[in-house]
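Right, one structure below, let's go through it.
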Amino acid sequence: MGQPTPPDQILAVPLRHRGRWVAAAVLLGLLALLIRLIVNSRFADFAVVRQFLFNGSILEGLRNTLVISVLAQIVGITLGVICSVMRLAKNPVLSITSWLYIWFFRGTPVLVQLLFWFNAVPAVFKTFAVSVPFTHVVLYQKPMVQFMTPFMAALLGLGLNEGAYMAEIVRAAIISVDEGQTEAAQALGMRAGLIMRRVILPQAMRVIIPPTGNEFISMLKTSSLASVVLYGELLRRANDIYSTNLRVVELLLDASIWYLVLTSVATVGQYYLERRFARGASRELPLTPLQRLRRNLLPVRAGTAT
Amino acid sequence: MDWGRVMSNPARLGLRKPLVALVLLAVAAGGVSCKSTSTATSSPSGTPSSATLFAKLPAAIQTSKEIQVGSDVGYAPIEFFKEGTQQVEGVDYDIGQALGAKLGVKVTFVNTPFDGQPAALKAKRFDMVMSARTDTKTRQAEVDFVDYFTAGTGILVQKGNPKNINSLDDLCGKTVALEKGTTQADVADGQSTKCQAAGKATVNVLKLDKDTDALQQLKIGRSDADLNDFPVAAYNAKTSGGGNDFQVTGQQFMSAPYGIAFSKDNAQLRDTVQSALKAIIADGTYDQILSTWGVSAGALKTADINGGTGT
């Protein structure tokens with residue numbers, strides 16, 4: 001009896017996925033045809049598109065879009081959290097008031113709300129004044145037309161509308177946290193406010209982030225509605241330029257390119273933010289596109305794993 | 001030749017071939033009963049009849065028997081919606097209908113934002129534009145105009161003129177709301193530059209989508225003045241809020257013609273409409289329309305092509 005011969009090296013041939021290659025080739029071919037069609041159709045003068053892409057006025061508009069989107073989203077999130085907590089309160093006055101707020105600001109179009117703040121409010125209320133209640137001490141006073149600037153109208157209109165939607169998102173997230181958490185916290189003797197702040201809301205964050213990220217991306221584009229109240233955001237700036245040089249398609253392309261850039265950055269940001277909040281939830285997080293790309297492109301090192 | 005006897009018996013022409021006689025009869029019949037869909041009665045001698053004008057229209061319009069007109073409806077009394085309806089009314093609408101009657105076609109108004117009209121005209125969204133559009137040298141680079149009315153700019157302020165504005169120079173440091181894409185927008189921008197050059201504060205120009213939005217800003221006090229065409233300013237001063245909202249200040253200035261705008265490649269329609277316009281000026285329909293709306297001061301005696309000289 002001699003030494004047992006080692007088994008033959010198994011010839012492992014990777015499974016051929018010919019169908020995938022064919023499908024990929026067909027799609028790439030169609031994509032190339034589409035791009036060629038667009039470029040050849042000359043529906044826009046791309047020299048003009050390039051001319052205005054980094055125009056000072058357009059970049060200012062881009063900055064203003066970002067500013068109003070971020071601020072309106074912050075206002076929305078703050079109002080949303082307060083409102084949803086009120087909604088879930090035992091006090092019926094609180095819950096009904098917040099329900100009315102959600103009902104009204106979700107039930108009317110954003111455009112109407114913007115026009116309302118900009119045109120109707122100054123027509124009815126002539127002065128904006130902040131004073132100490134029950135006294136005549138006026139802390140701040142301004143004629144309403146001066147207070148209700150395009151920026152203020154945009155902030156109020158977009159922010160309050162967003163607050164109503166955020167309230168529902170936060171409410172969904174709060175009720176998604178297992179009831180057992182509340183019971184355990186109560187058993188430990190924590191008061192309702194403490195439970196909400198330290199137990200419920202931190203766990204609810206994981207469920208709040210994806211729809212909130214979605215809302216922010218949506219807000220980046222909904223901010224274009226602020227152009228009707230003359231707020232100098234991206235669409236209004238593009239509009240102002242093409243109303244002089246009549247290059248409608250080119251300027252709208254410029255605006256669209258910048259909106260795409262903004263939403264793409266926000267989408268990537270949201271992805272990584274979600275991963276951070278999902279750290280405790282799954283044993284091993286799936287690979288990010290970057291990690292997958294690196295793994296697929298670099299050669300597989302054979303025989304090192306045991 | 002006794003045509004009466006010939007008509008009753010074409011054989012009297014001496015032609016033996018009945019076919020020729022039949023053809024002659026048909027031609028004679030066609031010449032006598034002038035088939036046209038227009039409601040105009042006999043036109044004064046020298047002006048073309050509806051049938052000849054119709055024949056001069058582009059073939060596509062002869063087939064569809066309709067001219068589409070782009071117009072920014074919201075500029076009383078030139079074009080506006082009858083209150084609570086989608087029915088267009090106004091000076092432009094009535095002139096449009098009179099032109100349609102003269103040409104033997106239906107005229108339909110398509111509501112289009114003012115600053116989007118040149119692009120839409122080029123895209124053949126409609127056949128021509130009648131929207132109180134001033135004929136200027138700059139605009140003539142894009143479109144051709146048939147001038148049909150003349151109007152200057154008027155300054156509209158709140159009733160009582162609280163900011164004491166009487167001329168363009170008083171606008172330095174003030175806020176003006178107006179419709180974007182109009183000649184008045186250029187005037188306001190120009191005035192702002194002039195103010196700056198003179199060392200005064202610039203004019204804060206708010207460019208709104210429609211003139212009615214600009215009027216709203218004036219009403220609530222966000223702006224101190226609105227620059228629009230004089231007949232429009234006068235109409236708004238008279239009617240808005242029962243006449244208590246606005247007043248016109250100063251004289252009208254920078255008179256320039258309104259033109260019906262045509263795409264540069266549509267010269268046939270342009271010339272035919274010009275002939276029709278000349279016809280309604282000649283037969284008095286034009287003057288009648290203007291006096292109905294109280295804007296006879298803007299009447300033109302001729303219909304020039306690209307007669308505007310301003311910028």
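The values are calculated or read from the model by the stated rules, or taken from the named source; none is laboratory data. All of these numbers come straight from a predicted model, not from anything done at the bench. Here Cβ is always computed from backbone atoms with ideal geometry, including for glycine, and neighbour counts include all displayed protein chains.
May I ask you to verify whether B:T212 is hydroxyl-bearing (S, T, Y), away from chain A (no Cβ under 14 Å) and under 26 Å from the mean Cα position of the chain (by Cα)?
Working: hydroxyl-bearing (S, T, Y): yes; away from chain A (no Cβ under 14 Å): no; under 26 Å from the mean Cα position of the chain (by Cα): yes.
Here the answer is no, as B:T212 does not meet what is asked.
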- prompt: Scanning the range A:102-125 for residues that are out of contact with any Gly (no Cβ under 8 Å at 6 or more places or on another chain) and of a type outside the set (A, V, I, L, M, F, W, C), which turns out nearest to the other protein chains (Cβ to nearest Cβ)?
  reply: A:N119
- request: Considering only the range B:217-244, state which residues are surrounded by fewer than 23 Cβ atoms within 10 Å (Cβ to Cβ), among the small types (G, A, S) and more than 11 Å from chain A (Cβ to nearest Cβ).
  value: B:A234, B:A237, B:S240, B:G241, B:G242, B:G243
message: Quick test of your reading of the structure: A:A255 fulfils all but one of (1) assigned to a loop (DSSP other than H, G, I, E, B); (2) among the small types (G, A, S); (3) modelled with pLDDT of 85 or more. Name the failing condition by number.
response: (1)
query: Which of (1) within 14 Å of chain A (Cβ to nearest Cβ); (2) surrounded by fewer than 21 Cβ atoms within 10 Å (Cβ to Cβ) does B:V176 not meet, given it meets every other one?
result: (2)
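Quick one: which residue in B:A119, B:A101 is part of a helix (DSSP H, G or I), more than 23 Å from B:D283 (Cα to Cα), hydrophobic (A, V, I, L, M, F, W, C) and not assigned by TED's automatic domain parsing to the domain that holds B:S240? Outline the logic, then answer.
Values: B:A101 fails: more than 23 Å from B:D283 (Cα to Cα).
None of the others qualify; the one that does is B:A119.
Of the residues B:K194, B:K207, only one is more than 22 Å from B:G96 (Cβ to Cβ), away from chain A (no Cβ under 14 Å) and not acidic (D, E); which? Quick ask: steps written out before the conclusion?
Numbers: B:K207 fails: away from chain A (no Cβ under 14 Å).
Unique residue meeting the criteria: B:K194.
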- request: Go through (1) in contact with a helix residue (DSSP H, G or I) (Cβ under 7 Å, 6 or more places away or on another chain); (2) surrounded by fewer than 18 Cβ atoms within 10 Å (Cβ to Cβ) one by one and return the number of the condition B:F262 breaks.
  value: (2)
- request: Go through the range A:12-45 residue by residue and tally those that are surrounded by 10 or more Cβ atoms within 10 Å (Cβ to Cβ) and at pLDDT below 85.
  value: 5
- line: Flagged in the range A:223-249 as within 12 Å of chain B (Cβ to nearest Cβ) and of a type in the set (S, T, N, Q), in numbering order, are A:S227, A:N239, A:S243, A:T244, A:N245
- prompt: Just wondering, is there one or more residues in the range B:92-101 that are surrounded by fewer than 16 Cβ atoms within 10 Å (Cβ to Cβ) and at pLDDT below 95?
  reply: no
task: Please indicate, with yes or no, whether at least one residue in the range A:176-195 is within 22 Å of the chain's Cα centre (by Cα), assigned to a helix (DSSP H, G or I) and at pLDDT 90 or above.
output: yes
- request: Check whether at least one residue in the range B:216-239 is on the phi > 0 side of the Ramachandran plot and at pLDDT 90 or above, and report yes or no.
  value: yes
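Which residue out of B:V73, B:V107, B:V157 is of a type in the set (A, V, I, L, M), assigned to a strand (DSSP E or B) and under 17 Å from B:I260 (Cβ atoms)? Walk me through how you get there before you give the answer.
On the way: B:V73 fails: assigned to a strand (DSSP E or B); B:V157 fails: under 17 Å from B:I260 (Cβ atoms).
Testing whether each residue is of a type in the set (A, V, I, L, M), assigned to a strand (DSSP E or B) and under 17 Å from B:I260 (Cβ atoms) leaves just B:V107.
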- line: Selection from the range B:99-121 of residues aliphatic (A, V, I, L, M) and farther than 9 Å from B:I67 by Cα yields B:L99, B:A101, B:L103, B:V110, B:A119, B:A120, B:L121
- prompt: Among (1) farther than 21 Å from A:N239 by Cα; (2) assigned to a loop (DSSP other than H, G, I, E, B); (3) away from chain A (no Cβ under 14 Å), where does B:K163 come up short?
  reply: (3)
- prompt: In the range B:48-62, how many are closer than 19 Å to B:F262 by Cα and among the β-branched types (V, I, T)?
  reply: 1
message: Out of A:I169, A:I195, I need the residue that is away from chain B (no Cβ under 14 Å), among the β-branched types (V, I, T) and either farther than 30 Å from A:W117 by Cα or in contact with an Asp or Glu (Cβ under 6 Å, 6 or more places away or on another chain) (or both). Which one?
response: A:I195
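Just to verify a result, which residue in the range A:117-172, among those that are of a type in the set (V, I, T) and under 21 Å from B:V205 (Cβ atoms), is modelled with the lowest pLDDT?
Step one: of the range A:117-172, the residues of a type in the set (V, I, T) are A:121, A:124, A:127, A:130, A:132, A:135, A:137-138, A:145, A:149, A:169-170.
Now drop any that are not under 21 Å from B:V205 (Cβ atoms), which leaves A:145, A:149.
Numbers: A:V145: 87, A:T149: 92.
Here the residue is A:V145.
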- prompt: For the range A:124-168, which residues satisfy the criterion of being touching a Lys or Arg at 6+ places or on another chain (Cβ under 7 Å) and aliphatic (A, V, I, L, M)?
  reply: A:M144, A:V145, A:A164, A:A167
field: Spans of helices (runs of 4 or more DSSP H) in the range A:56-135 with at least 1 residues touching a Leu at 6+ places or on another chain (Cβ under 7 Å)
entry: A:56-87, A:92-107, A:110-115
- prompt: Among the residues of the range B:123-134, is there at least one that is among the polar types (S, T, N, Q), buried (at least 20 other Cβ atoms within 10 Å of the Cβ) and assigned to a strand (DSSP E or B)?
  reply: yes
